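In what follows, a single structure is set out as structure tokens and then discussed.
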Amino acid sequence: MEAKELIFTIGSLFCVPTGVLLARSHPRILGLVFFALVFGTTQTESLFGLPTDINFLSREWYRGTTRGIEVSYLDLLALILLFASLSTRRRERIPFVRPPSLGMLVAFFAWAAFNVLVTSDPKIFGLFELTKIARGILLFTAVAAYVRSPREVRLFVWTLVIVMFYETAVALQDRYIFGIHRISGTLPHPNSLSMYCLQILPILISVWFARDISPNLKKASLAASLAAAVSIILTISRTGIASLIFLMMVSLVLNIRFRFTIRNIGLAALLALAGTGMLVKSWDTVLTRFASFDFQQEYTTEQGDRGSYFRKGLPALNDNPVFGVGLNNWSYWISNRYAAKAGYESEPYPSAEFAPDAIGQEAPAHNLYLITAVELGWPGLLLLLALISRWLYISGKGLTSASETLIDRVRLGACLSLCGVLMQSVTEWEFRQSSLFFLGHIVMAVAAVIYYHTKRNPRA
């Protein structure tokens, strides 16, 4: 074990128990841990420039969706939140019930683990991704254990507001001070920032329509939703901008529910005016970006990147329909076998242990569903779709609710948040990135708790 790994391990053994003791004794500290966990999704590998994670068995040269067994301060916060919340519940005699959809999460993890341990070759890259799935389950469970009442939901919303103001400030700085053309904020890529904001935007719009929140939170959620729209436009992500327009329209329709009051019409007009102003301000850049895209060329010709992923991946899926080529093994097997079969030049990996001498290996498929099917086979894709369907059901129950409470609006926003992820995942794999992956699990954990409590008490 290297010195940095030893220091991190010893520090973790001290910090987690100490954090649990403090958090269980002081509710405000427990709330601060939750705030730090949600805010930390903006910076999973560092905090304001300081490194806060460590990779075990790292393979930084591998072009996979995960390149090492990563452990960060977010995992420590999740452990503190989980054990402190369970301890608080035990002291207050509030039972912790298994949150809805946890079983589906475990089922997907079990199939991925079987794939890595039994059928995958090489196994090391799959192990990297498997640990991230386990971290997502830990995060989901910890948040579900913490959220018990509207008080925690309000803290969740306030945190999203602060997160969005922070990301937008970074985005504006990058564009207008540093002159960066396509901004990515604190995320690895502009498309990542776009999807990250799409996860938050519908929640903030929906919260504005809640009747049981303070005027300050109402104003802040509206301002933060406009900030999210600004950030998405600055990314110049084609799918992101299209999803932004769609989700804003759907969010307004579902929240207004055809109640055309002066208040609702005013909000719709404000958002439409603001959105138009943002598009006009960035029109030249956005138009150039969209004009450079030719759907037919992108998907049906050999020059199109996104179409090439299907031409390379489908033969791999046909050869391995049940178990796939192995979790996180897309780059390895497409580079070493299937790219050449499809008529593409690619630089193979010499092994799973040593870096290749030349660059040119295959990048992950820009389609979450395709890469899942190729890596985990049809059963893996079906399990992923089953999990998504369960999440859509849990959060989608709020679509038909007539309530205007905060928890109802947050649940509705969570459903639309998931829809934003699903839409952009048709052209991207970024949901596997730590920031997006963890934020998605946090959002759905909150939605699962709301679903459970409203199911037990429909009047809540």
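The values are calculated or read from the model by the stated rules, or taken from the named source; none is laboratory data. Just so it is clear, the structure is predicted and the values come from calculations on it, not from any experiment. Heads up, the Cβs are rebuilt from the backbone with ideal geometry, glycines too, and the neighbour counts pull from every protein chain shown.
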Tally up the residues in the stretch 101-117 that are crowded, with 20+ Cβ neighbours inside 10 Å and without any contact (Cβ under 8 Å) to a residue 12 or more places away in the chain, please.
0
Looking at (1) hydrophobic (A, V, I, L, M, F, W, C); (2) more than 17 Å from residue 451 (Cβ to Cβ); (3) not in a helix (DSSP H, G or I), which is the only condition residue 158 fails?
(3)
Search result, residues across the stretch 206-222 that are part of a helix (DSSP H, G or I) and either buried (at least 22 other Cβ atoms within 10 Å of the Cβ) or without any contact (Cβ under 8 Å) to a residue 24 or more places away in the chain (or both)
206, 207, 215, 216, 218, 219, 220, 221
Looking at the stretch 184-202, is at least one residue under 22 Å from residue 416 (Cβ atoms), part of a helix (DSSP H, G or I) and of a type in the set (Gly, Ala, Ser)?
yes
Of the residues in the stretch 192-221, those that are closer than 22 Å to residue 243 by Cα and at pLDDT 90 or above number 17
Which listed residue, of 404, 375, 428, is at pLDDT below 95, under 20 Å from residue 136 (Cα atoms) and among the acidic types (Asp, Glu):
428
For the subset of the stretch 402-424 comprising residues that are touching a residue at least 60 places away in the same chain (Cβ under 8 Å) and in a loop (DSSP other than H, G, I, E, B), which member is farthest from residue 194 (Cα to Cα)?
402
When every residue in the stretch 382-401 that is of a type in the set (Gly, Ala, Ser) and part of a helix (DSSP H, G or I) is compared, the one farthest from residue 217 (Cα to Cα) is 386
What tally of residues in the stretch 176-205 results from selecting those that are buried (at least 18 other Cβ atoms within 10 Å of the Cβ) and of a type outside the set (A, V, I, L, M)?
11
Identify all residues within the stretch 159-173 that are surrounded by 18 or more Cβ atoms within 10 Å (Cβ to Cβ) and either without any contact (Cβ under 8 Å) to a residue 12 or more places away in the chain or in contact with a Leu (Cβ under 8 Å, 6 or more places away or on another chain) (or both); write none if there are none.
160, 161, 164, 167, 171
Could you pull out every one of the helices (runs of 4 or more DSSP H) wholly within the stretch 1-100 that has 2 or more residues that are among the hydroxyl-bearing types (Ser, Thr, Tyr), surrounded by 18 or more Cβ atoms within 10 Å (Cβ to Cβ) and at pLDDT 90 or above?
73-92
Restricting attention to the stretch 121-154, report how many residues are assigned to a loop (DSSP other than H, G, I, E, B) and touching a Phe, Trp or Tyr at 6+ places or on another chain (Cβ under 8 Å).
2
First in the stretch 334-351 and touching a residue at least 24 places away in the same chain (Cβ under 8 Å), second anywhere and of a type in the set (D, E, K, R) and surrounded by 14 or more Cβ atoms within 10 Å (Cβ to Cβ), Cβ under 6 Å, 6 or more apart
334/312; 334/362; 335/362; 338/312; 339/312; 339/362; 342/311; 342/312
Of a type in the set (S, T, N, Q) and within 24 Å of residue 323 (Cβ to Cβ) - does that describe any residue in the stretch 90-112?
no
Is it true that some residue in the stretch 139-162 is touching a strand residue (DSSP E or B) at 6+ places or on another chain (Cβ under 6 Å) and not charged (D, E, K, R)?
no
Counted residues in the stretch 165-183 being in contact with a Ser or Thr (Cβ under 9 Å, 6 or more places away or on another chain), of a type outside the set (A, V, I, L, M) and modelled with pLDDT of 90 or more come to 4
So the helices (runs of 4 or more DSSP H) completely within the stretch 293-346 holding 3 or more residues that are modelled with pLDDT of 90 or more, closer than 25 Å to residue 129 by Cβ and in contact with a helix residue (DSSP H, G or I) (Cβ under 7 Å, 6 or more places away or on another chain) are 305-319, 330-333
Given the criterion surrounded by fewer than 23 Cβ atoms within 10 Å (Cβ to Cβ), of a type in the set (A, V, I, L, M) and under 18 Å from the mean Cα position of the chain (by Cα), identify the matching residue among 256, 241.
241
